[in-house]
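Here is the structure we will look at, set down as structure tokens.
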Amino acid sequence: YKSTDPYFLSNAIQSDYVQKGLANRTLKTAIPMKINKDEIGKVSVMLPLSATEQQQIGTYFRHLDHLITLHQRKRTRLKAIRKSMHQQLLFDGKGSRARNRPLA
């Protein structure tokens, strides 16, 4: 399919179904593992016939990836805040352990 949506295809290739198909065709004796170009072409990838549907699915996954990225950034920021608060609670400004410090 020449009109396959690239983002849809990227996600389809990452599916368990396609990955298992690739693994079954991988040269078992090669280290690192390799696969012949002809064998890659034998792996089935299920594609909607409609380019519009492919684009809609691709857009959905692109949006989902964006949301995941935003949540990962938020998690990183919250972990940094947690670490900073932990340091403030356990150590005084001079790098020594704080003793009998009230929590409030």
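Note on Met46 and Leu78: their simple-model spin labels are 3.4 nm apart, each label 7 Å out from Cα toward Cβ.
Per Stokes-Einstein, at 10 °C and 1.306 mPa s, what whole-number D in µm² s⁻¹ belongs to the chain, with the Kirkwood radius over Cα pairs as the hydrodynamic radius? Here the translational diffusion coefficient equals 86 µm²/s.
The shape of the range 17-77 comes out oblate: with a ≥ b ≥ c from the C-alpha gyration tensor, a/c is at least 1.5 while a/b does not beat b/c.
With an 8 Å cut-off on Cα pairs and a minimum separation of 6 or more residues, tell me the relative contact order of the chain in percent. Reported as a whole number, the value is 27 percent.
The count of lysine pairs in the range 6-90 with alpha-carbon distances below 27 Å, taking only pairs 8 or more places apart or on different chains, stands at 8. Computed from the C-beta positions of Ile13 and His86 and an R0 of 30 Å, the FRET efficiency is 0.10 to the nearest 0.05. Ordering Arg62, Arg82 by the number of other Cβ atoms within 10 Å of each residue's own Cβ, fewest first, gives Arg82, Arg62.
Once you list every other residue whose beta carbon is under 13 Å from the beta carbon of Arg25, what net charge do they have if Lys and Arg are +1 and Asp and Glu are -1? So the surrounding residues net to +3. Using a simple spin-label model with pseudo-atoms 7 Å out from Cα toward Cβ, Asp38 and Ile68 lie 3.5 nm apart.
FYI, it's all coordinate maths here, none of it is from the lab. The shown structure was predicted, so the numbers you read here are calculated from the model rather than taken from an experiment. Heads up, the Cβs are rebuilt from the backbone with ideal geometry, glycines too, and the neighbour counts pull from every protein chain shown.
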